[in-house]
1. Distance from the Cα centre of segment 72-97 to that of segment 113-173, in angstrom?
2. Scan around residue 30 for amide H atoms under 5 Å from its own, H built in the peptide plane at 1.01 Å from N, and keep only partners 5 or more places away or cross-chain.
3. Using +1 at the C-beta of Lys and Arg and -1 at the C-beta of Asp and Glu, which of 21, 35, 59 has the Cα lying farthest in the positive direction of the dipole of segment 1-81?
4. For the pair residue 91/residue 66, report the inter-label distance in nm, with labels modelled 7 Å from Cα in the Cβ direction.
5. Quick one: length gained pulling residue 27 to residue 171 fully straight, 0.36 nm per residue minus the C-alpha distance?
6. Count neighbours as other Cβ atoms within 10 Å of each site's Cβ, and list the GluC sites (Glu not before Pro) in segment 132-173 that are DSSP loop with at most 14 such neighbours.
7. Which order results if 132, 118, 55 are arranged by neighbouring Cβ count within 10 Å, fewest first?
8. With Cβ to Cβ distances under 11 Å as the rule, what net charge do the other residues near residue 101 carry (K, R +1; D, E -1)?
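Throughout, read-outs are computed from the coordinates displayed, never taken from laboratory work. This structure is a prediction, so every number in the text was calculated from the model and none was measured. Virtual Cβ from ideal backbone geometry, glycine too; neighbours counted across all protein chains shown.
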Amino acid sequence: MLVTISGLPGSGTTTAGQLLADALGWEFQSSGELFRAMADARGVTLAEFGALAESDERIDHELDARAVALMRTGTGLVMEGRLAGWMAFRNRFASMRVWLESDSTTRARRVADRDGGSAAEQQAVMAAREASEAQRYRDYYNIEIGSREPYSLVINSAALAPKAIVAHIREAL
């Protein structure tokens with residue numbers, strides 16, 4: 001079985017994905033970690049690599065090809081990533097595709113708690129990042145990130161503890 005967990009920054013995808021994988025005894029993979037590894041391999045920061053991705057679509061295609069290759073195994077895998085659900089849907093992988101959503105204020109506070117800075121600063125950074133990614137997803141894949149079409153389960157993570165999110169997913173499984 002394959003479970004994908006997607007959502008915007010700060011919605012809790014990584015935390016929920018790791019907890020779910022641990023609870024099920026499955027492997028956990030993160031598109032964010034794949035992206036970081038690609039940036040490290042090029043010797044650039046995440047911000048620099050993100051800027052490169054805006055002008056070089058090969059970066060996103062390579063990242064997503066790596067994620068699809070991992071998902072292709074489809075056995076005992078929790079795959080976290082903004083487009084993981086879309087990629088599983090478009091490739092017709094047998095999967096449960098989860099979208100975590102939360103308001104931008106809650107997400108910015110979570111990112112500030114995790115990465116530092118104020119929630120207001122993080123909200124501005126996140127808005128710019130999300131606009132850039134949304135444009136790339138439209139241009140490169142004809143995907144509207146706001147669409148919930150491929151998701152079999154949508155959870156509002158704003159007021160839920162990570163363990164409660166995992167309980168919802170496990171119940172749906």
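1. Result: 16 Å between the Cα centres.
2. Sorted by chain and number, the residues that satisfy this are 80.
3. Most positive-ward Cα: 21.
4. 1.4 nm
5. Contour length minus Cα-Cα distance gives 49.9 nm.
6. On the way: sites: 133, 144, 171; in loops: 144.
In loop regions of segment 132-173 (DSSP not H, G, I, E or B), the sparsely surrounded GluC sites (Glu not before Pro) are 144.
7. Numbers: 132 14, 118 11, 55 8.
Sorted ascending by nearby Cβ count, the order is 55, 118, 132.
8. Values: positive: 107, 148; negative: 103.
Here the charged neighbours net out to +1.
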